[in-house]
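Reviewing the structure listed below.
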Amino acid sequence: MNNDLSIYEKFNVSNMSDDELDFVQQQLFNRKIKLLSDKVENIENLANRALQKVGIVETELNNKIEDLHTDNDKKLEVTINQMRVDKNKWGFGSQSDFGIRFRVSIGSKTVGKLFKIIGIAKVSKGKTEPKREAIMSGKATTEIINGYEVIRWHHEKCLKTLEKWLLENDLLEEFYSIDKEKELMQFINDLYDKYIDDEYLDN
């Protein structure tokens, strides 16, 4: 109680002039503003540190995602290379020859459907004939053997066109992940039904 009284006496403002009271009031106001400013600055510092941590975490996540993409791309490349047969004998050949160049073989008729799907062969119910653009670009050619016209396909160029088409349609990984002949044939047949309109087929 005595202590409270001494404080009261110490801070007794009854004898202060108006100017003195204004000065004291201004000092109290300045002190409160300073305390408030310090709190705001402290909050801003905490927020900045939190944002920095978020930025670091975001960068780390982006790096991990990029690493995963790179790793997946490498795995896909390895898978594709494993699914292909040795390319030392690339050149012109038949549809059958093209089909057996894959680890999972593709039959001649199914190769024909595949060539129609990717746009290098004419859309026809008959035999697989190259489009004019395919011949002009060197993807296909014709030879006369024993008096008959025989179509030859440039396997490397056809493969590049195939893989470009699969990539553009987000089907490359799915195509090369199939490891059974029947499943691959069904996959190609489904693509044929989806992308080839029967209305445009020759009778």
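The values are calculated or read from the model by the stated rules, or taken from the named source; none is laboratory data. As the structure is a computational prediction, the values presented were derived from the model and not from experiment. FYI the Cβ positions are ideal-geometry reconstructions off the backbone, even for glycines, and counts take in every protein chain you see.
Before moving on, here are some points about what is shown:
- Scanning the range 1-29 for residues that are at pLDDT 65 or above and assigned to a helix (DSSP H, G or I) yields a total of 12.
- Scan the range 168-185 for residues that are touching a Ser or Thr at 6+ places or on another chain (Cβ under 9 Å) and crowded, with 17+ Cβ neighbours inside 10 Å and the total you get is 3.
- Matching option when the condition is part of a loop (DSSP other than H, G, I, E, B), within 19 Å of G112 (Cβ to Cβ) and either at pLDDT 95 or above or among the acidic types (D, E) (or both), among D202, D170: D202
- Subset of the range 177-197 [under 26 Å from the mean Cα position of the chain (by Cα), within 15 Å of V104 (Cα to Cα) and of a type in the set (A, V, I, L, M)]: I178, L184, I188
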